[in-house]
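What follows is a short report on a single structure.
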Amino acid sequence: MPTIYFTGSLFSAGVTEIYNEGKDHIGYLDLKSAFTSSLDILNTKEEITLSGGFRFFSRTWVISQPTEEVGEVKQRFSFFAKKFEYEAFGRGFYTIESEAFSRQYEIYDEQEQVVAQFNRTDGFFESAAAAFCLTNHSSALSEDELNAVIMGVNMIQKRNSSGGAAGAAAT
């Protein structure tokens, strides 16, 4: 069960490092711009492995490899919990859940088995630079893909709380 740690940058743009539980550097998270809400995940050779960003005028977070889309994250309506879904194109649907005021999330596969868990580990008042700890139990989803999913959940929540896409259709 690999555990990795990563953070967004203080100003929602820039490059930060991704570490494993041994504090070994295993990649980079590149938040492209505070204005576009897009990112790249890079390996240690600084090659892009995955990218993420919102569809035009949408609240759908799309994850892609350099040549194709691999999945999308959407928020699900819920009163007393935070719920999202991740469709890994051709590989299944996953549910992402957290209690209303919790900073701990679980990702479930279609058989309702926990395939990953992540926690938001930054301080409560440090909303500018979100930090996360991910534990992956899945052989179907890579750590890079789960990083992109987690950042998608984070970006959807930031967009919701700021009203950043007032004209966007909630898809």
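Readers should treat all values here as calculations from the given coordinates under stated rules, not as data from a laboratory. The structure displayed is predicted, hence computed values, not measured ones. Here the Cβ is made from the backbone with ideal geometry for all residues, glycine too, and neighbour counts use every protein chain on show.
Data for the structure
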read-out: Trypsin sites (Lys or Arg not before Pro) restricted to DSSP loop in the range 11-108 with at most 10 other C-beta within 10 Å; value: 23, 45
read-out: Whole-number D in µm²/s for the range 26-141 (Stokes-Einstein; Kirkwood sum over Cα pairs; 25 °C, 0.890 mPa s); value: 158 µm²/s
read-out: Length released on extending from residue 160 to residue 139, taking residue separation times 0.36 nm less the Cα-Cα span; value: 4.4 nm
read-out: Loop-located GluC sites (Glu not before Pro) in the range 40-87, at most 14 other Cβ atoms within 10 Å (DSSP); value: 46, 47, 68
read-out: Given charges at Cβ of Lys, Arg, Asp, Glu: the chain dipole, positive-most of 54, 20, 104; value: 54
read-out: Mean projected area in nm² (Cα convex hull; one quarter of hull surface) for the range 77-151; value: 5.4 nm²
read-out: Neighbour-limited loop hits for chymotrypsin sites (Phe, Trp or Tyr not before Pro), the range 10-87 (at most 14 other Cβ within 10 Å; DSSP other than H, G, I, E, B); value: 11, 35, 56, 57, 77, 79, 80
read-out: Linear extension gain, residue 3 paired with residue 36, 0.36 nm per residue minus alpha-carbon span; value: 9.0 nm
read-out: Label zone at residue 93, where the point sits 7 Å out along the Cα-to-Cβ direction: the range 58-75 residues whose backbone N lies under 14 Å; value: 72-75
